[in-house]
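Here's the structure, in C-alpha cells; my notes come after.
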Amino acid sequence: MKSFKPIWTMLIAALLLAAACTDTNAKKSSENKGAINKSSAAEKVYVAPGEYDEFYAFMSGGFSGQVSVYGLPSGRLLKVVPVFSVDGEKGYGFNEETKPLLETSHGFIPWDDAHHPELSQTNGKPDGKYLFINGNNTPRVARIDLSTFETAEIIELPNAGGNHSSPFTTENSEYVVAGTRFSVPIPQTDMSIADYKGKFKGSLSFISVDPEHGHMDVDFQVLMPGFDYDLAHGGKGKSHGWMFFTTYNTEESHTLKEVNASQNDKDYIAAINWKKAKEYIEQGKYKEMDSEYLINRYDEKKHLAESITRKKVRVLDPTECPGVVYFLPTPKSPHGVDVDPTGSYIIGNGKLNANLTVHSFDKMIQAIENKSFADEAYGIPVLNFEDVVAGTVESGGLGPLHTEFDGEGNAYTTFFISSEVVKWKLGTWEVLDRVPTYYSVGHLMIPGGDSKEPWGKYMVALNKITKDRYLPTGPELAHSAQLYDISGDKMELILDFPTIGEPHYAQAIAADIVMNRSKKIYPLEENEHPHVTKSEADARVEKNGNEVHVYMTTIRSHFAPDNIEGIEVGDKVYFHVTNLEQDWDVPHGFSVLGAQNAELLIMPGQTETLLWEPLKPGVFPFYCTDFCSALHQEMQGYLRVSAKGNAPAILASTGD
C-alpha cells in the first residue's frame, strides 16, 4: 500500500502553524481594538444620504448562481443580478422571455455555481460595457449588460467538465477564455474511470466577443492533457496575445486527489499563445469536432431571449501546432495566476508553498527562443524552471492563493491558512506590510487590480469563514467582505460587510464609467416584442382553442383590461404585459392567484409574459406587486374561470 506519511506530515505541520497564526491574529485583534480610530474609519467609508459611492463592486454569488452589486466604500448592496438561478423577485427564469437563457444541451438548468466576474476591457482597462461570469457546474459563460444590469447572454461550453478558470478577458475583450476544471473523455464516451491517465483530456475555450453587440461564440478550443485547470489571466502590454492558466493534478490521479494530486514537487502554468493559435485557425489547421452546445441571447428590442444551437466546434491539437502551448513549472498545486499591470510578471500561487514564485515574461520568451526545455508533457514543451523565474517572495505566510495590484508597483497576496493579506514590492520581492483577515481569505479585489491601470485606493478581502463577525444566524453565516484602505504605506481595515452566497472573486470599476451608460427606460417606440401592446386602445384577449393570449397594459394605477371572462379550466393563459410608463424607476409588477411560477417585474416600456394554467373554476384576482403610486393597492383586477365547456364568450373590459 502506498505510504502517504510525507504529505500528512506536511499537512499536520501546516495546520499547527496555522493555529499559531490564528492565535497571533486573535492577539493582534485584541491588542488593536482599543487603538483603532473608529471615527477615522467611519469617515473613510461614509457616503452621505443622496451621494454616490466611488465604485461599483461586482461579487460572484458562488452557489447562489447570482452576482451581487455593492457600492464602495459604503458596502451598500445595490442590486442582485440573477444569472444562473431562477429568481422569483424579478421573474427571471420564470417568465417566457428569460426561460431560454437557462436552456442547455442537457435541458433547462435553473442553477449554477458562479465564481469569477470579469469586466470587459478596452486597451487593458475596464470599459463598463459588460460583466462576464462563469457557470462552473454545467459549463457556461454569461454576459451581463451593464447598461441594464441584466443577463444578456449565456453560452454553453462543449467538451468541458466543469468551468473554473473562466471567464478571463484579453486586453480588448477579443476573447473571454474558459478552462475545464475536470478533465473528461473528449469526445465523451463510456470508459473506466481507472483508465483516466493519458485518456482523459482538458479543453481551453476561446470565446469570441463581437465588438459591436457583445455576442459570444466559441471560436476555437485547445485540447490539453488530462490535468485540472484552475484559474487564468490574460497577458497585457508586452504579454498581450498570451493567456496563462494554472494546472494541478499533473499526476493525473482520479481518486483521493487531496493526497494523490499533491505528490509532484511542481505543477504547471500553461502559457497559451492565442494569437499564434488564431493564425493556425485561419490556416485551417484545426479539426472540426461534433459537439452540441447552445447560445442563448436576449434581444433588447424584442424583449425576449432566443436559443441558437451549434453542432460543431473547431479544436486545435497543440502537438500539431508548435508554438501555441508551453508549460512553466510552478510550485505544487498552484491556484491563482496573476499578471502585473505592465505584463512583465506572471505570479503563480502554489497553495502548498509558503513562498510566491514570480515568472518573467521576457525570460519565458528568451527560453522559448533558446529552446531551453527541461522536459515535455504529452508533446508540450516544459521550460526550465530556473530560466523563467524572475524572483521569489519569501512571505512567511501559509496557503497563498491570489494576487492583485495597486498600480504603484505593489502587489497584494491572500494567504488562506494564515488568514492574512501580504503586500510586497514588484521587482525587489520585498514584503512591505501584512494584515490579518477574519477569516480564511480566498480571493481579494482591488478596483481595476487585474488591469493595466488599477484605481487602487481600496482592497477587499473575500473571506470564507465569518465566525464571530456578525450576529449569529444558525449553522450558516453570511460570508464576510472586508474593506481595507491601501492609499498609504500600511493597509488599514475600515469596514466589514456581509455578502450574498459564497463570493469567490469580485471586480470593481469607477462608478462614473458605468453610470454614463446606464439605461433608464425602454422606449415604447422601439419595443419590437411580438406581443407588445403600445396603448390601452389595443388591449384585448384572443382565444384559439385552449390557448389564450391576454394583451395587457399597465400604468399608474390600473391594468387594461382589468376584468376578463371566458377562460376555461385547462386553458393555457399567456399574460403579455406591457408597462406603458416612460419615466425612470417606475416598474410595475403582475401576479395572479394560483400562479405556479413567479410574478412579473416589468420595466418602463418593457413587455413580459407570464404563463398561467387554471386548475379549477372560480374568480381569481390579479394585482401589481411593485408599489408604484398612492393608489397601488387599487391596482388590481379579476379573472373568471369556468368549467371546461361552460365558459361564456371572451370578455375583456376596463371601467365598463
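The values are calculated or read from the model by the stated rules, or taken from the named source; none is laboratory data. Here the structure is a predicted model, which is why all the values come from computation and not from measurement. Quick reminder, even Gly has a Cβ in these numbers, built from the backbone with ideal geometry, and neighbours come from all protein chains shown. Remember, those area values only see protein heavy atoms, side chains included, never the ligands or the DNA or RNA. Shrake-Rupley method; radii C 1.70, N 1.55, O 1.52, S 1.80 Å.
Some observations on this one:
- Looking across segment 110-131, just one residue is aliphatic (A, V, I, L, M) and out of contact with any Asp or Glu (no Cβ under 8 Å at 6 or more places or on another chain), and that is 114.
- Selection count where residues are outside any strand (DSSP E or B) and either hydroxyl-bearing (Ser, Thr, Tyr) or open to solvent by 10 Å² or more (accessible area, probe 1.4 Å) (or both), scope segment 140-155: 3
- Yes/no for residue 506 being in contact with a Phe, Trp or Tyr (Cβ under 7 Å, 6 or more places away or on another chain) and buried (at least 22 other Cβ atoms within 10 Å of the Cβ): yes
- Taking residues in segment 466-478 that are within 18 Å of residue 64 (Cβ to Cβ), and partners anywhere that are assigned to a loop (DSSP other than H, G, I, E, B) and open to solvent by 100 Å² or more (accessible area, probe 1.4 Å), the pairs with Cβ atoms closer than 8 Å and at least 6 places apart or on different chains are 477/467.
- Among residues of segment 595-617, those that are part of a loop (DSSP other than H, G, I, E, B) and either open to solvent by 40 Å² or more (accessible area, probe 1.4 Å) or touching a residue at least 40 places away in the same chain (Cβ under 8 Å) (or both), counted: 13
- Filtered residues of segment 177-206 (kept if in contact with a Gly (Cβ under 8 Å, 6 or more places away or on another chain), open to solvent by 70 Å² or more (accessible area, probe 1.4 Å) and without any contact (Cβ under 8 Å) to a residue 40 or more places away in the chain): 199
- Residue count for segment 633-656, restricted to those that are outside any strand (DSSP E or B) and under 24 Å from residue 527 (Cβ atoms): 2
- Contact map, segment 438-451: residues that are in a loop (DSSP other than H, G, I, E, B) paired with residues that are among the acidic types (Asp, Glu), Cβ distance under 6 Å, separation 6+ or inter-chain. Pairs shown: 446/404; 446/406; 449/404.
- With a requirement of 3 or more residues that are farther than 28 Å from residue 356 by Cα, the strands (runs of 3 or more DSSP E) lying completely within segment 177-257 that satisfy it span 202-209, 216-224.
- Answer residue from segment 69-107, given it is more than 19 Å from the chain's Cα centre (by Cα) and closer than 11 Å to residue 138 by Cβ and is surrounded by the most Cβ atoms within 10 Å (Cβ to Cβ) among those: 105
- Identity of the residue in segment 322-355, hydrophobic (A, V, I, L, M, F, W, C) and over 23 Å from residue 169 (Cα atoms), that ends up least open to solvent (accessible area, probe 1.4 Å): 354
- Among all residues of segment 625-633, there is none that is within 23 Å of residue 651 (Cβ to Cβ) and out of contact with any Cys (no Cβ under 6 Å at 6 or more places or on another chain).
- Top-ranked residue of segment 618-632 - restricted to ones that are assigned to a loop (DSSP other than H, G, I, E, B) and either in contact with an Asp or Glu (Cβ under 8 Å, 6 or more places away or on another chain) or not aromatic (Phe, Trp, Tyr) (or both), ranked as farthest from residue 572 (Cα to Cα): 630
- When residues of segment 204-236 are limited to those that are of a type in the set (Asp, Glu) and over 22 Å from residue 261 (Cβ atoms), the one modelled with the lowest pLDDT: 212
- Just one residue in the set 142, 152 is under 13 Å from the mean Cα position of the chain (by Cα) and of a type in the set (Gly, Ala, Ser); that residue is 142.
- Taking segment 243-302 as the range and being within 30 Å of residue 532 (Cβ to Cβ), exposed (fewer than 15 other Cβ atoms within 10 Å of the Cβ) and acidic (Asp, Glu) as the test, only 299 passes.
- Subset of segment 563-585 that is buried (at least 22 other Cβ atoms within 10 Å of the Cβ) and over 37 Å from the mean Cα position of the chain (by Cα) - its residue that is farthest from residue 630 (Cα to Cα): 567
- Sub-8 Å Cβ pairs linking a first residue in segment 78-103 that is without any contact (Cβ under 8 Å) to a residue 60 or more places away in the chain and of a type in the set (S, T, N, Q) to a second residue that is surrounded by fewer than 20 Cβ atoms within 10 Å (Cβ to Cβ) and in a helix (DSSP H, G or I), at least 6 apart or interchain, number zero.
- Options 389, 421; residue that is of a type in the set (Val, Ile, Thr), touching a residue at least 24 places away in the same chain (Cβ under 8 Å) and within 17 Å of residue 490 (Cβ to Cβ): 421
- Just one of the listed residues (225, 211, 158) is surrounded by fewer than 18 Cβ atoms within 10 Å (Cβ to Cβ) and at negative phi, and it is 211.
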